[in-house]
Amino acid sequence: MYSKVSRYDINTFRRELDSEDGIITSADNLYSIIESSFSPRINPIQEYFKALPTVDASEVLRKIEIGQGAIANLASCVIVRNAEKWLPHLTKWLVAVVANAMDNRECRNHTCLVLTGEQGKFKTTFLDLLCPPALHGYSYTGKIYPQEKDTLTYIGQNLIVNIDDQLKALNKRDENELKNLITCPMVKYRMPYDKYVEEHPHLASFVASVNGNDFLTDPTGSRRFLPFEVLAIDIERAKGIAMDAVYNEAKALLNAGFQYWFNDEEITELYKESKDFQVQTAEMELLLRCFEKPTEDNPHCAYMTTTEILAYLGVYTHQPLTLKRMGEALKRAGFEKVSKRREGCSPVYVYKIRKIHPCPLVNSCSSLM
């Protein structure tokens with residue numbers, strides 16, 4: 001078992017050498033000895049995983065298939081809305097935790113496990129349990145600020161980084177920075193009392209809790225998150241799950257070549273599943289309110305470009321709208337995009353769309369301004 005050596009510990013060693021052994025030295029001298037070949041470099045997180053006993057991966061898979069074993073027992077403590085994906089996705093994420101911690105050059109866990117739902121469902125508490133007791137002190141729970149240097153130390157020194165109810169509040173810049181942090185292969189920072197910036201492996205895997213469900217603002221970035229809406233958590237039973245056994249199974253699966261990453265087909269499925277967690281943009285709200293798709297019973301429609309749709313809405317609302325978000329809304333809502341030639345000009349892409357008359361915004365413009 002290893003423990004971190006703090007400045008307080010070093011000063012205590014120096015005092016004991018001075019008072020008990022009569023050896024006069026300095027804390028800086030003790031640091032220079034400890035940070036030399038006298039003291040071999042140890043990664044406590046990697047040593048933890050190396051020390052886990054060997055188990056049969058085929059037996060682990062068999063147990064998972066029938067809902068038994070440590071990983072399955074852990075998963076069963078949480079009731080989620082999209083239940084059919086919970087156990088397989090949690091298994092992938094746990095195996096990726098081990099793969100990531102054991103790799104000194106690359107980030108192997110490219111997804112952040114997210115629990116959403118009502119406040120008071122023990123989401124954060126459950127996520128804290130994912131760090132085994134033997135690695136107490138190697139997890140961080142709280143807010144993170146991607147622009148601050150401390151965040152890099154969290155990634156380089158912890159097994160789990162638990163983002164507590166912050167994803168909704170991130171601005172666009174911080175959201176993009178967070179996605180980069182989740183996948184960056186290495187992190188560079190200077191430890192306290194060190195003179196130089198050094199490169200460190202990306203040890204941490206990310207989890208997060210969100211009160212409510214809508215937190216995804218960028219459809220192109222949703223593959224970085226594995227969101228599950230929590231209905232209930234049996235937190236007392238979860239506390240009784242042996243996390244050593246959970247990671248023992250995850251390690252066995254990793255060593256057997258288990259696919260812990262998401263392939264292209266699975267990523268496409270993630271995009272579809274993430275729609276329930278998307279923040280409703282003003283563009284989407286106004287599109288669904290003021291337009292509808294043509295149907296077989298009523299195929300009559302107009303052919304409008306994205307710019308023309310925005311111009312039409314601009315007559316009724318002063319709310320700022322963008323071409324990019326309106327294009328994303330049209331795609332998500334399933335409006336058909338076709339190429340059409342207009343008055344002898346070159347073909348342009350337009351949407352088959354039908355205006356709702358009278359426009360629903362006529363009597364509510366003030367509420368949207």
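Where residues in the range 328-347 are surrounded by 10 or more Cβ atoms within 10 Å (Cβ to Cβ) and not in a helix (DSSP H, G or I), which of them is modelled with the lowest pLDDT?
As a first pass, look at the range 328-347 and keep what is surrounded by 10 or more Cβ atoms within 10 Å (Cβ to Cβ): 328-333, 335-338, 340, 342, 347.
Those still in the list that are not in a helix (DSSP H, G or I) too: 335-338, 340, 342, 347.
Numbers: Phe335: 94, Glu336: 94, Lys337: 94, Val338: 94, Lys340: 90, Arg342: 82, Pro347: 91.
Only one residue fits best here, namely Arg342.
Going through Ile79, Ile64 one at a time, which residue ends up being under 20 Å from Ala238 (Cβ atoms) and modelled with pLDDT of 95 or more? It would help to see each step written out before you state the result.
Values: Ile64 fails: modelled with pLDDT of 95 or more.
The unique qualifying residue is Ile79.
Among Arg325, Arg354, which is the only one that is touching a helix residue (DSSP H, G or I) at 6+ places or on another chain (Cβ under 7 Å), of a type in the set (D, E, K, R) and not in a loop (DSSP other than H, G, I, E, B)? Give the steps one after another, and end with the answer.
Values: Arg354 fails: touching a helix residue (DSSP H, G or I) at 6+ places or on another chain (Cβ under 7 Å).
The unique qualifying residue is Arg325.
Considering the range 30-82 alone, what residues qualify as being among the polar types (S, T, N, Q) and either outside any loop (DSSP other than H, G, I, E, B) or touching a strand residue (DSSP E or B) at 6+ places or on another chain (Cβ under 7 Å) (or both)? Before the answer, list the steps.
Step one: list which residues in the range 30-82 are among the polar types (S, T, N, Q), which gives 32, 36-37, 39, 43, 46, 54, 58, 68, 73, 76, 82.
Within the range 30-82, Ser32, Gln46, Ser58, Asn73, Asn82 meet the criteria.
When the residues of the range 86-106 are filtered to those that are surrounded by 15 or more Cβ atoms within 10 Å (Cβ to Cβ) and of a type in the set (D, E, K, R), which remaining residue is farthest from Thr183 (Cα to Cα)?
First pass over the range 86-106, keeping only residues surrounded by 15 or more Cβ atoms within 10 Å (Cβ to Cβ): 86-87, 89-103.
Adding the requirement that they be of a type in the set (D, E, K, R) leaves 92, 103.
Values: Lys92: 16, Asp103: 13 Å.
Going through the qualifying residues, I end up with Lys92.
Of everything in the range 14-29, what is in a helix (DSSP H, G or I), in contact with a helix residue (DSSP H, G or I) (Cβ under 6 Å, 6 or more places away or on another chain) and of a type outside the set (Gly, Ala, Ser)? Give them in sequence order.
So in the range 14-29, the residues in a helix (DSSP H, G or I) come out as 14-20, 27-29.
Checking the rest, the ones that are also in contact with a helix residue (DSSP H, G or I) (Cβ under 6 Å, 6 or more places away or on another chain) come to 14, 27.
Selection gives Arg14 alone.
Of everything in the range 243-273 that's of a type in the set (D, E, K, R) and over 17 Å from Thr111 (Cβ atoms), which residue is surrounded by the most Cβ atoms within 10 Å (Cβ to Cβ)?
Within the range 243-273, the subset of a type in the set (D, E, K, R) is 244, 249, 251, 264-266, 269, 272-273.
Still in the list and also over 17 Å from Thr111 (Cβ atoms): 244, 249, 251.
Details: Asp244: 15, Glu249: 26, Lys251: 24.
So the residue we want is Glu249.
What's the number of the condition Asp297 fails, among (1) closer than 29 Å to Lys85 by Cβ; (2) loosely packed, with under 15 Cβ neighbours inside 10 Å; (3) among the acidic types (Asp, Glu)?
All conditions pass for Asp297, except number (1).
Out of all the residues in the range 289-301, is one or more part of a helix (DSSP H, G or I), closer than 26 Å to Ala70 by Cα and not polar (S, T, N, Q)? Even if it seems obvious, please write down each step before you answer.
Restricting attention to the range 289-301, the residues satisfying the condition of being part of a helix (DSSP H, G or I) are 289-290.
Filter once more, keeping what is closer than 26 Å to Ala70 by Cα: none.
No, there is no match, as no residue in the range 289-301 is part of a helix (DSSP H, G or I), closer than 26 Å to Ala70 by Cα and not polar (S, T, N, Q).
The values are calculated or read from the model by the stated rules, or taken from the named source; none is laboratory data. What you see is a predicted model; the values in this text were computed from it and never measured. Glycine also receives a Cβ, built like all others from the backbone with ideal geometry; neighbour counts cover every protein chain displayed.
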